[in-house]
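Notes to accompany the following structure.
The values are calculated or read from the model by the stated rules, or taken from the named source; none is laboratory data. If you're wondering where the values come from, they're calculated on a predicted model, not measured in any experiment. Note that we place each Cβ from the backbone using ideal geometry, even for glycine, and neighbour counts take in every protein chain shown. The accessibility values were calculated without ligands, DNA or RNA, using every heavy atom of the protein model including side chains. Shrake-Rupley method; radii C 1.70, N 1.55, O 1.52, S 1.80 Å.
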Amino acid sequence: MTTSGVRISIACMALTVAGFILMYVVPAQSYLDLGSTSGGKFTPDKWTSLPVAVQISTTVAAGAKLVGSTHFETVIQNSLASWKAAPNFQSPLGTATLDTLSGAQNGVNLICFCANNPGFSNTDGTLALTVTTTSGTQIIGANIFFNPQPSGICFATDSSVSSCPNSGDTLQDLHTVATHEIDHVIGLDHSAVVRAVMFPFAPDKETQLSWDDAAGVAQLYPKSAPDVATGGISGTVSLSGSGIFGAHVFANSTTGTNPFSGFPNIRKTPIGVLTDTSGVYTILGPPPDSYEVIAEPLDGPVDNTNVDWAGDFGQSSVRTNFTTRWH
(Lines give C-alpha, C1' and ligand atoms only; values in the text may rest on other atoms or scores of the structure.)
Protein backbone atom coordinates (compact mmCIF):
# COMPACT_ATOMS: atom_id res chain seq x y z
CA MET A 1 0.00 0.00 0.00
CA THR A 2 1.27 3.47 -0.85
CA THR A 3 -0.06 6.75 0.54
CA SER A 4 1.63 10.17 0.39
CA GLY A 5 4.79 8.50 -0.85
CA VAL A 6 5.22 6.23 2.20
CA ARG A 7 5.51 2.56 1.34
CA ILE A 8 5.63 -0.53 3.53
CA SER A 9 6.89 -3.57 1.68
CA ILE A 10 6.75 -7.10 3.06
CA ALA A 11 8.89 -9.99 1.89
CA CYS A 12 7.81 -13.36 3.20
CA MET A 13 6.95 -16.97 2.42
CA ALA A 14 3.65 -18.49 3.48
CA LEU A 15 3.94 -21.71 5.47
CA THR A 16 1.13 -23.72 7.02
CA VAL A 17 1.64 -24.39 10.71
CA ALA A 18 -1.10 -25.88 12.88
CA GLY A 19 -3.70 -24.81 10.36
CA PHE A 20 -2.70 -21.15 10.22
CA ILE A 21 -0.66 -19.07 7.80
CA LEU A 22 2.77 -18.31 9.23
CA MET A 23 4.98 -15.77 7.50
CA TYR A 24 8.65 -16.71 7.64
CA VAL A 25 11.87 -15.05 6.49
CA VAL A 26 15.56 -15.66 6.97
CA PRO A 27 16.24 -14.56 10.58
CA ALA A 28 17.87 -11.17 11.17
CA GLN A 29 18.37 -8.99 14.21
CA SER A 30 15.19 -7.45 15.56
CA TYR A 31 13.61 -6.06 18.74
CA LEU A 32 14.87 -3.32 20.98
CA ASP A 33 17.76 -5.12 22.57
CA LEU A 34 20.52 -3.35 24.42
CA GLY A 35 23.53 -3.34 22.12
CA SER A 36 25.67 -1.46 19.64
CA THR A 37 26.19 -1.05 15.91
CA SER A 38 29.27 -1.64 13.78
CA GLY A 39 29.32 -1.32 10.00
CA GLY A 40 25.57 -0.70 9.99
CA LYS A 41 24.87 -4.01 11.75
CA PHE A 42 23.28 -4.03 15.21
CA THR A 43 24.64 -6.59 17.67
CA PRO A 44 22.75 -7.18 20.93
CA ASP A 45 24.43 -7.26 24.32
CA LYS A 46 24.14 -10.69 25.92
CA TRP A 47 25.26 -12.67 28.92
CA THR A 48 27.66 -15.43 27.86
CA SER A 49 28.74 -16.84 31.22
CA LEU A 50 25.65 -18.75 32.33
CA PRO A 51 23.77 -19.10 34.54
CA VAL A 52 23.96 -15.54 35.86
CA ALA A 53 24.09 -15.34 39.66
CA VAL A 54 21.64 -12.77 41.08
CA GLN A 55 21.49 -11.56 44.67
CA ILE A 56 18.57 -9.81 46.36
CA SER A 57 19.44 -7.64 49.32
CA THR A 58 17.11 -7.90 52.30
CA THR A 59 18.61 -4.67 53.66
CA VAL A 60 16.08 -1.97 52.78
CA ALA A 61 16.97 1.70 53.07
CA ALA A 62 15.49 3.47 56.09
CA GLY A 63 12.23 5.22 55.25
CA ALA A 64 11.64 3.20 52.09
CA LYS A 65 8.07 3.73 50.91
CA LEU A 66 7.03 0.08 50.82
CA VAL A 67 3.54 -1.01 51.87
CA GLY A 68 1.88 -4.42 51.92
CA SER A 69 2.21 -7.73 53.74
CA THR A 70 4.45 -9.40 51.13
CA HIS A 71 8.20 -9.13 51.59
CA PHE A 72 10.17 -7.20 48.97
CA GLU A 73 12.35 -10.20 48.14
CA THR A 74 9.27 -12.37 47.47
CA VAL A 75 8.02 -9.85 44.91
CA ILE A 76 11.40 -9.96 43.15
CA GLN A 77 11.38 -13.76 43.10
CA ASN A 78 7.88 -13.70 41.57
CA SER A 79 9.03 -11.27 38.88
CA LEU A 80 12.01 -13.46 38.04
CA ALA A 81 9.67 -16.45 37.80
CA SER A 82 7.45 -14.55 35.33
CA TRP A 83 10.32 -14.24 32.86
CA LYS A 84 11.57 -17.80 33.37
CA ALA A 85 8.09 -19.08 32.43
CA ALA A 86 8.01 -17.19 29.11
CA PRO A 87 7.53 -19.45 26.06
CA ASN A 88 10.49 -20.32 23.83
CA PHE A 89 12.87 -18.58 26.28
CA GLN A 90 15.84 -20.12 28.08
CA SER A 91 16.51 -17.64 30.86
CA PRO A 92 20.18 -16.75 31.42
CA LEU A 93 19.44 -15.92 35.06
CA GLY A 94 20.11 -18.49 37.73
CA THR A 95 18.34 -18.94 41.05
CA ALA A 96 18.44 -15.71 43.04
CA THR A 97 19.94 -15.81 46.52
CA LEU A 98 19.48 -13.45 49.46
CA ASP A 99 22.12 -11.26 51.09
CA THR A 100 22.35 -8.15 53.27
CA LEU A 101 24.42 -5.84 51.05
CA SER A 102 23.58 -2.17 51.44
CA GLY A 103 25.07 -1.11 48.10
CA ALA A 104 26.68 -2.23 44.86
CA GLN A 105 29.69 -4.50 45.09
CA ASN A 106 32.11 -5.63 42.38
CA GLY A 107 31.29 -9.06 41.03
CA VAL A 108 27.74 -9.07 42.42
CA ASN A 109 24.55 -8.67 40.35
CA LEU A 110 22.44 -6.96 42.99
CA ILE A 111 18.74 -6.08 43.30
CA CYS A 112 18.08 -3.70 46.17
CA PHE A 113 16.35 -0.77 47.83
CA CYS A 114 19.78 0.69 48.61
CA ALA A 115 20.28 3.93 50.50
CA ASN A 116 22.93 4.94 47.97
CA ASN A 117 22.01 4.56 44.32
CA PRO A 118 23.52 6.06 41.17
CA GLY A 119 21.74 8.02 38.51
CA PHE A 120 18.58 9.37 40.14
CA SER A 121 17.24 11.32 43.10
CA ASN A 122 14.06 11.09 45.14
CA THR A 123 12.58 14.04 43.28
CA ASP A 124 13.14 13.21 39.59
CA GLY A 125 10.27 10.73 39.15
CA THR A 126 12.47 7.66 38.66
CA LEU A 127 11.01 4.49 40.19
CA ALA A 128 14.02 2.25 39.54
CA LEU A 129 17.20 2.12 37.50
CA THR A 130 19.07 -0.81 35.99
CA VAL A 131 22.81 -0.34 35.41
CA THR A 132 24.54 -2.88 33.17
CA THR A 133 28.26 -3.28 32.57
CA THR A 134 29.48 -4.63 29.24
CA SER A 135 32.74 -5.73 27.65
CA GLY A 136 32.21 -5.42 23.92
CA THR A 137 28.78 -6.98 23.43
CA GLN A 138 29.07 -9.22 26.49
CA ILE A 139 27.09 -8.26 29.59
CA ILE A 140 29.37 -8.86 32.58
CA GLY A 141 27.37 -7.24 35.37
CA ALA A 142 24.03 -5.66 36.25
CA ASN A 143 22.39 -4.01 39.25
CA ILE A 144 18.79 -2.93 39.84
CA PHE A 145 18.35 0.01 42.21
CA PHE A 146 14.82 0.80 43.37
CA ASN A 147 14.17 4.35 44.51
CA PRO A 148 13.42 4.05 48.26
CA GLN A 149 11.49 7.34 48.42
CA PRO A 150 10.15 8.33 44.98
CA SER A 151 8.35 11.66 45.04
CA GLY A 152 4.56 11.23 45.13
CA ILE A 153 4.75 7.42 45.01
CA CYS A 154 4.73 4.47 47.38
CA PHE A 155 5.36 0.87 46.31
CA ALA A 156 2.69 -1.78 46.98
CA THR A 157 4.09 -5.28 47.46
CA ASP A 158 0.67 -6.91 47.07
CA SER A 159 -3.05 -6.14 46.73
CA SER A 160 -3.70 -6.05 50.49
CA VAL A 161 -3.39 -2.24 50.48
CA SER A 162 -5.50 0.30 48.65
CA SER A 163 -3.69 3.53 49.49
CA CYS A 164 -0.36 4.93 50.64
CA PRO A 165 0.28 6.04 54.26
CA ASN A 166 0.88 9.53 52.91
CA SER A 167 -2.39 10.75 51.42
CA GLY A 168 -0.48 12.72 48.80
CA ASP A 169 1.23 9.61 47.38
CA THR A 170 -0.05 7.27 44.66
CA LEU A 171 0.23 3.48 44.82
CA GLN A 172 2.62 1.85 42.34
CA ASP A 173 2.69 -1.92 42.04
CA LEU A 174 6.23 -3.13 42.84
CA HIS A 175 5.84 -6.38 40.87
CA THR A 176 5.15 -4.32 37.72
CA VAL A 177 8.29 -2.22 38.12
CA ALA A 178 10.46 -5.22 39.07
CA THR A 179 9.36 -7.23 36.04
CA HIS A 180 10.28 -4.32 33.76
CA GLU A 181 13.71 -3.80 35.33
CA ILE A 182 14.61 -7.50 35.32
CA ASP A 183 14.19 -7.55 31.55
CA HIS A 184 16.82 -4.79 31.29
CA VAL A 185 19.13 -7.17 33.19
CA ILE A 186 18.29 -9.90 30.66
CA GLY A 187 19.25 -7.52 27.86
CA LEU A 188 16.20 -5.75 26.44
CA ASP A 189 15.75 -2.02 25.95
CA HIS A 190 12.40 -0.23 26.06
CA SER A 191 9.61 -1.13 23.64
CA ALA A 192 7.33 1.25 21.76
CA VAL A 193 4.44 -1.23 22.05
CA VAL A 194 2.12 0.51 24.52
CA ARG A 195 0.90 -2.68 26.23
CA ALA A 196 4.33 -4.27 26.59
CA VAL A 197 5.94 -4.65 30.02
CA MET A 198 8.98 -2.95 28.46
CA PHE A 199 7.02 0.19 27.56
CA PRO A 200 9.07 2.94 29.29
CA PHE A 201 6.18 4.43 31.27
CA ALA A 202 4.92 2.22 34.09
CA PRO A 203 1.19 1.51 34.42
CA ASP A 204 -0.24 1.25 37.92
CA LYS A 205 -0.21 -2.53 37.58
CA GLU A 206 0.74 -4.93 34.77
CA THR A 207 2.51 -8.15 35.65
CA GLN A 208 1.59 -10.29 32.64
CA LEU A 209 4.18 -10.39 29.88
CA SER A 210 3.10 -9.40 26.37
CA TRP A 211 3.72 -11.18 23.08
CA ASP A 212 6.21 -8.40 22.37
CA ASP A 213 8.13 -9.07 25.61
CA ALA A 214 8.16 -12.84 25.09
CA ALA A 215 9.32 -12.53 21.47
CA GLY A 216 12.17 -10.23 22.47
CA VAL A 217 13.71 -12.46 25.12
CA ALA A 218 13.19 -15.60 23.02
CA GLN A 219 15.32 -14.11 20.24
CA LEU A 220 18.15 -13.37 22.68
CA TYR A 221 18.08 -16.74 24.47
CA PRO A 222 16.00 -19.26 22.50
CA LYS A 223 15.15 -22.72 23.77
CA SER A 224 16.70 -25.50 21.68
CA ALA A 225 13.20 -26.96 21.28
CA PRO A 226 10.61 -24.13 21.16
CA ASP A 227 7.36 -24.45 23.08
CA VAL A 228 5.38 -22.78 20.27
CA ALA A 229 6.34 -22.53 16.59
CA THR A 230 7.02 -18.96 15.46
CA GLY A 231 8.19 -17.24 12.30
CA GLY A 232 8.96 -13.75 11.07
CA ILE A 233 7.81 -10.81 8.99
CA SER A 234 10.33 -8.69 7.11
CA GLY A 235 10.25 -5.73 4.77
CA THR A 236 11.13 -2.09 4.18
CA VAL A 237 9.54 1.25 5.07
CA SER A 238 10.39 3.95 2.52
CA LEU A 239 9.48 7.51 1.59
CA SER A 240 9.88 8.56 -2.06
CA GLY A 241 12.19 5.59 -2.57
CA SER A 242 14.39 6.32 0.44
CA GLY A 243 14.36 4.00 3.48
CA ILE A 244 12.96 5.51 6.68
CA PHE A 245 15.28 5.08 9.67
CA GLY A 246 13.74 4.45 13.09
CA ALA A 247 10.15 3.81 12.05
CA HIS A 248 8.25 1.73 14.61
CA VAL A 249 6.86 -1.27 12.74
CA PHE A 250 4.59 -3.73 14.50
CA ALA A 251 2.56 -6.80 13.60
CA ASN A 252 -0.95 -6.81 15.05
CA SER A 253 -3.04 -9.98 15.03
CA THR A 254 -6.34 -9.68 13.17
CA THR A 255 -7.91 -12.80 14.72
CA GLY A 256 -9.08 -13.95 18.14
CA THR A 257 -6.79 -16.99 18.23
CA ASN A 258 -4.06 -17.35 20.85
CA PRO A 259 -1.27 -19.84 20.09
CA PHE A 260 0.22 -19.00 23.51
CA SER A 261 -2.95 -20.03 25.37
CA GLY A 262 -0.95 -22.64 27.28
CA PHE A 263 1.02 -19.84 28.93
CA PRO A 264 -1.36 -17.93 31.24
CA ASN A 265 1.22 -15.23 31.99
CA ILE A 266 1.32 -14.08 28.34
CA ARG A 267 -1.04 -11.38 26.96
CA LYS A 268 -1.83 -11.01 23.29
CA THR A 269 -0.32 -7.76 21.97
CA PRO A 270 1.37 -6.48 18.82
CA ILE A 271 5.04 -7.36 18.33
CA GLY A 272 7.20 -4.45 17.22
CA VAL A 273 10.68 -3.43 16.05
CA LEU A 274 12.41 -0.33 14.67
CA THR A 275 13.78 -0.02 11.14
CA ASP A 276 17.51 0.26 10.43
CA THR A 277 19.21 3.00 8.42
CA SER A 278 17.96 1.45 5.16
CA GLY A 279 14.37 1.27 6.41
CA VAL A 280 14.57 -2.51 6.75
CA TYR A 281 12.75 -4.31 9.55
CA THR A 282 12.51 -7.94 10.68
CA ILE A 283 9.92 -8.95 13.27
CA LEU A 284 10.86 -12.34 14.67
CA GLY A 285 8.66 -14.35 17.04
CA PRO A 286 5.07 -14.00 15.76
CA PRO A 287 3.21 -17.27 16.34
CA PRO A 288 0.95 -18.80 13.64
CA ASP A 289 -1.77 -16.20 12.96
CA SER A 290 -2.87 -13.50 10.51
CA TYR A 291 -1.33 -10.05 10.98
CA GLU A 292 -1.68 -6.46 9.89
CA VAL A 293 1.69 -4.69 9.66
CA ILE A 294 1.71 -1.05 10.73
CA ALA A 295 4.50 1.56 10.50
CA GLU A 296 4.38 4.71 12.62
CA PRO A 297 6.81 7.52 13.49
CA LEU A 298 8.62 7.30 16.82
CA ASP A 299 7.24 10.67 17.93
CA GLY A 300 5.37 9.92 21.15
CA PRO A 301 4.51 8.74 23.66
CA VAL A 302 7.77 6.82 23.06
CA ASP A 303 10.46 8.70 21.18
CA ASN A 304 14.18 8.28 20.56
CA THR A 305 15.07 9.63 24.02
CA ASN A 306 13.47 6.50 25.49
CA VAL A 307 15.40 4.00 23.35
CA ASP A 308 18.38 5.89 21.82
CA TRP A 309 18.03 3.98 18.56
CA ALA A 310 19.64 6.88 16.67
CA GLY A 311 22.70 6.82 18.93
CA ASP A 312 23.05 3.06 18.46
CA PHE A 313 23.43 3.65 14.72
CA GLY A 314 25.56 6.80 14.97
CA GLN A 315 22.70 9.00 13.76
CA SER A 316 21.56 12.33 15.15
CA SER A 317 17.86 11.37 15.09
CA VAL A 318 15.27 8.98 13.73
CA ARG A 319 12.93 10.08 10.93
CA THR A 320 9.47 11.15 12.00
CA ASN A 321 8.30 13.14 8.94
CA PHE A 322 5.64 10.64 7.91
CA THR A 323 2.24 9.48 9.13
CA THR A 324 1.12 6.03 10.22
CA ARG A 325 0.67 3.51 7.41
CA TRP A 326 -0.38 -0.14 7.32
CA HIS A 327 -0.26 -3.15 5.03
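Scanning the range 109-155 for residues that are among the aliphatic types (A, V, I, L, M) and over 24 Å from TRP47 (Cα atoms) yields ALA115, LEU127, ILE153.
Among the residues of the range 97-110, those identified as open to solvent by 10 Å² or more (accessible area, probe 1.4 Å) and either closer than 15 Å to VAL52 by Cβ or in contact with a Leu (Cβ under 7 Å, 6 or more places away or on another chain) (or both) are THR97, LEU101, ALA104, GLY107, VAL108, ASN109. For the range 105-115, the count of residues that are in a loop (DSSP other than H, G, I, E, B), more than 13 Å from VAL185 (Cβ to Cβ) and of a type in the set (S, T, N, Q) is at least one. When each of GLY243, GLY232 is tested for being open to solvent by less than 10 Å² (accessible area, probe 1.4 Å), farther than 30 Å from GLY107 by Cα and out of contact with any Cys (no Cβ under 7 Å at 6 or more places or on another chain), the lone residue that passes is GLY232. Restrict the check to the range 306-326 and report whether at least one residue is within 10 Å of HIS248 (Cα to Cα) and either exposed (fewer than 15 other Cβ atoms within 10 Å of the Cβ) or free of Cβ contacts under 8 Å to residues at least 12 places away in the same chain (or both). Yes, some residue in the range 306-326 is within 10 Å of HIS248 (Cα to Cα) and either exposed (fewer than 15 other Cβ atoms within 10 Å of the Cβ) or free of Cβ contacts under 8 Å to residues at least 12 places away in the same chain (or both).
Does ILE140 fit the bill of being open to solvent by 60 Å² or more (accessible area, probe 1.4 Å) and among the β-branched types (Val, Ile, Thr)? When the stated conditions are applied, ILE140 passes them.
A single entry from GLY94, GLY136, GLY125 fulfils the requirement of being touching a residue at least 24 places away in the same chain (Cβ under 8 Å), more than 18 Å from ALA64 (Cα to Cα) and small (Gly, Ala, Ser): GLY94. Considering the range 156-187, the residues that are in contact with a strand residue (DSSP E or B) (Cβ under 6 Å, 6 or more places away or on another chain) and within 21 Å of LYS46 (Cβ to Cβ) include one that is surrounded by the fewest Cβ atoms within 10 Å (Cβ to Cβ), namely HIS184. Where strands (runs of 3 or more DSSP E) fall wholly inside the range 1-96, the ranges with 2 or more residues that are at pLDDT 50 or above and buried (at least 16 other Cβ atoms within 10 Å of the Cβ) are 6-11, 35-38, 41-44, 55-57.
A quick yes/no check of all residues on (1) under 20 Å from PHE113 (Cα atoms); (2) polar (S, T, N, Q); (3) out of contact with any Lys or Arg (no Cβ under 7 Å at 6 or more places or on another chain):
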{"site": "ALA128", "(1), (2), (3)": "yes, no, yes"}
{"site": "ASN143", "(1), (2), (3)": "yes, yes, yes"}
{"site": "ASN147", "(1), (2), (3)": "yes, yes, yes"}
{"site": "THR157", "(1), (2), (3)": "yes, yes, yes"}
{"site": "SER162", "(1), (2), (3)": "no, yes, yes"}
{"site": "PRO165", "(1), (2), (3)": "yes, no, yes"}
{"site": "LEU174", "(1), (2), (3)": "yes, no, yes"}
{"site": "ILE182", "(1), (2), (3)": "yes, no, yes"}
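The set of residues in the range 287-305 being without any contact (Cβ under 8 Å) to a residue 40 or more places away in the chain and closer than 17 Å to LEU239 by Cβ consists of ASP299 alone. Scanning the range 253-267 for residues that are out of contact with any Leu (no Cβ under 6 Å at 6 or more places or on another chain), under 20 Å from HIS190 (Cβ atoms) and crowded, with 24+ Cβ neighbours inside 10 Å turns up nothing. Cβ-Cβ distances below 7 Å connect the following pairs, each with a first residue in the range 224-242 that is closer than 23 Å to ARG319 by Cβ, a second residue that is among the aromatic types (Phe, Trp, Tyr) and open to solvent by 20 Å² or more (accessible area, probe 1.4 Å), and a separation of six or more residues or different chains: ILE233/TYR291. Across the range 144-154, a minimum of one residue is classified as over 21 Å from the mean Cα position of the chain (by Cα), crowded, with 18+ Cβ neighbours inside 10 Å and among the hydrophobic types (A, V, I, L, M, F, W, C).
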